[in-house]
1. Using alpha-carbon pairs under 8 Å, 6+ residues apart, how would you state the relative contact order of the chain in percent?
2. How big is Rg to Rh over the chain, alpha-carbon atoms, Rh as the Kirkwood inverse-mean-distance radius?
3. Students often check this: by mean Cβ neighbours within 10 Å, which of 209-220, 240-251 ranks highest, and how do the rest follow?
4. Which of the peptides 13-22, 120-129 is most tightly packed, and how do the rest follow, going by the mean number of other Cβ atoms within 10 Å of each residue?
5. Can you show me the helix-derived [θ] at 222 nm for the chain, built from DSSP H runs with n ≥ 4 at -39,500 (n - 2.57) apiece and divided by the number of residues, rounded to the nearest 500.
6. With a cap of 12 neighbouring Cβ atoms within 10 Å, and only residues DSSP puts in a loop, list the chymotrypsin sites (Phe, Trp or Tyr not before Pro) found in the range 5-60.
7. Compute the separation of the alpha-carbon centres of the range 50-66 and the range 170-245 and state it in Å as a whole number.
8. Going by a ≥ b ≥ c, the root eigenvalues of the Cα gyration tensor, does the range 83-200 fall in the rounded group (a/c under 1.5), the prolate group (a/b larger than b/c) or the oblate group?
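A short reminder: the numbers here are calculations on the coordinates, not readings from a lab. Please read all numbers here as calculations on a predicted model, not as lab measurements. Cβ: placed from backbone, ideal geometry, glycine included. Neighbour counts: every protein chain shown.
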Amino acid sequence: MVLAGCGGRHNWLAAAGEEARAVETLFWIVLVGAGVIWALVVGLAVYAHRAEAKPHREREARRFILWGGVALPVLVVGGLLIWGLLILRDITADDGALTVRVDGERWWWRVIYDTPEGPVTTANEIRLPLGERALFRLTADDVIHSFWVPALGGKMDMIPGRETTLALTPRRLGNWGGLCAEFCGGAHALMRFDAIVMEPDDFAAWLAQEAQPARVAMDDPGFAIFAEEGCGACHAIRGTEAQGPVGPDLTHLASRDKLGAGIYDMTPENIARWITETDAMKPDIDMPSYPGLRGARLDTLVSFLMSLE
Ligand code: HEC
Ligand SMILES: [Cu+2]
């Protein structure tokens, strides 16, 4: 079971980011160092057991206890503490080429990129440019969550009423998994996201696209259903009158790989089930189920949502 954690995209032992690498290095040093000290202590115990019993001089014995039992542990533990604090200072330092605000909600992630042209809101997916340090400003809406992309670095608590910071500098392209690492209630285990590392040019193009309002025709029959069912009370689609702040921003829903905070593929079938059997798809969430939506009406709504790219 332990070895099962060693593969895949949540693996912090195959660090894909600078901050994860710093933690990984410290881990190996602690592991090997602890092994050496353990072997020494066991070796001494075996020696003491086997050696011929004879009286020791008190001064020598006391010196041994002082160096081995007091000075060595203080040096080792103190050194590791200072090293750990230096890493912590670096990964929380308030600088970065890119600032991303992430708000932990039950049970999804509100994501806001701060750009020179203004904030760009999205949800449940974080894209990052390769090799650039991104600073995350983390908050929580309701309870304590924890923001963690194991392969890139972290983790950091998200605390209501307070802002914490965490930097990530990706060093490898890929789709790395992120998750909430602090138990926060019913759907905690279903509170995930994708952290996608892209070439800087592709990232810039993606961000420019996310900044656009949705291309929705005012007489789109799918949008009419969206409005009639009251979805806009909770969800925003920028460029329309739907401005609800309760749930994830849907302006570019279909540009995301995953549905429901990293748990389902973004397919028409899954969106249809998400709307009609919400509770079966993700229990406890703040979105009501719409079992009455069926047939052509449901299809029209789903194709409208899939057109939000
Ligand atoms: C009372 C508020 C509320 C209403 C009304 C509501 N939703 Fe939601 N919706 C939410 C919340 C909260 C979530 C996030 C749940 C989660 O993932 O934990 C969500 C998630 C979603 C998602 C997934 C978003 C993503 O990023 O994966 C879709 C799609 C969606 N809603 C569509 C709809 C549609 C269509 C309607 C109307 C038929 C609707 N919602 C009505 C609150 C609401
Ligand atoms: Cu959480």
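1. Values: 550 pairs, mean separation 50.6, N = 309.
Value for the chain: 16 percent.
2. Working: Rg = 25.8 Å, Rh = 22.4 Å.
My calculation puts Rg/Rh at 1.15.
3. 240-251, 209-220
4. Values: 13-22: 20.5, 120-129: 22.6.
Ranked by mean Cβ neighbours within 10 Å, highest first: 120-129, 13-22.
5. Details: 8 runs with 106 residues, N = 309.
Result for the chain: -11000 deg cm²/dmol, rounded to the nearest 500.
6. Details: sites: W12, F27, W28, W38, Y47; in loops: W12.
Filter output for the range 5-60: empty list.
7. 68
8. Working: a/c = 1.37, a/b = 1.23, b/c = 1.11.
Taking the square roots of the gyration eigenvalues as a ≥ b ≥ c, the range 83-200 is rounded.
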